[in-house]
Amino acid sequence: MPLDKSGRVHVVGSVPLLHPEAQTVEEMLEGWRNQQMCRNLGHDTIAGRIRLVGRFVEHTNEFPWMWTPALVEEFFSDLRSVKRCKQSTVRRYQNALRLFCSYVSDPDYGWDRVCEQRFGAHPAQVFFQWNTAVHVQDNEQSPAKRARLPSESCRISSTMPTTRWR
C-alpha cells in the first residue's frame, strides 16, 4: 500500500491481498517508521519500537484493530511478574505502544478507514492513565545506587586518613 513520507495511507485500487492481516500490520509499521523518521528519531529507537509492536502482536495473538485494554494489562503483568522487567522498562514499552496506537488510530493517517474496510474494525487507543505506569519519583534506582547526601559525604571524608603528597 502506498505511503507518503510522513506515513499517511494512499489507498490504490482494489487488488485483493493474500494475507491481509499480516500485510496490513507490515504496512502500518512501515508508515509508523516513516512518521518517526520525519520526527528525526534515532534508527535504533525506531527499530526497537517496531520490534516491541511485533512482540505485542505475537504475545496477544491479535492484530492492532482488535487490541483491548485487557490485552495490555495481561502483557504488562507478564512482563513484571514472569520476566521481572523493571518499572522503567515497562513504562518505556507502554509509551512506545501508546505512540503506535496513537499513530494507527489517528484519522489523519487513514488506518481507521483501511481497517474498517478490510476487517470491519478499526484500531483504537488502548493505553490510558488507569492502565499504564506513571513516573512518580525523580530517581528509580535502588537505594544502594543513590547519590550521597552532603552530610554523608562529610562524615565519610572526616573519617578517612589524610595523606600528604610531596
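The values are calculated or read from the model by the stated rules, or taken from the named source; none is laboratory data. A quick note: this is a predicted structure, and the numbers were derived from the prediction, not measured. Here the Cβ positions follow ideal geometry from the backbone for every residue, glycine too, while neighbour counts run over all protein chains shown.
Summary table
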| read-out | value |
| --- | --- |
| Matching residues in the stretch 45-83 - criterion: being β-branched (Val, Ile, Thr) and under 21 Å from CYS115 (Cα atoms) | ILE50, VAL53, VAL57, THR60, THR68, VAL72 |
| Whichever residue in the stretch 100-126 is closer than 18 Å to THR45 by Cβ and free of Cβ contacts under 8 Å to residues at least 60 places away in the same chain and, among such residues, is surrounded by the fewest Cβ atoms within 10 Å (Cβ to Cβ) | SER102 |
| Complete set of residues in the stretch 35-63 that are of a type outside the set (A, V, I, L, M) and either assigned to a loop (DSSP other than H, G, I, E, B) or buried (at least 17 other Cβ atoms within 10 Å of the Cβ) (or both) | GLN35, GLN36, ARG39, ASN40, GLY42, ARG49, PHE56, THR60, ASN61, GLU62, PHE63 |
| Residue within the stretch 61-79 that is modelled with pLDDT of 95 or more, of a type in the set (Gly, Ala, Ser) and under 13 Å from the mean Cα position of the chain (by Cα) present | no |
| Filter result for the condition that a residue is over 22 Å from PRO20 (Cα atoms), in a loop (DSSP other than H, G, I, E, B), modelled with pLDDT under 90 and not polar (S, T, N, Q), over ALA133, ALA144 | ALA133 |
| The lone exception for SER105 - which of (1) farther than 17 Å from GLU26 by Cα; (2) at pLDDT 95 or above it fails | (1) |
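The rows are residues; the columns are (1) touching a Lys or Arg at 6+ places or on another chain (Cβ under 6 Å); (2) outside any helix (DSSP H, G or I); (3) at pLDDT 95 or above.
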| residue | (1), (2), (3) |
| --- | --- |
| LYS83 | no, yes, no |
| ARG98 | no, no, yes |
| GLN117 | no, no, no |
| ASN139 | no, yes, no |
| ARG164 | no, yes, no |
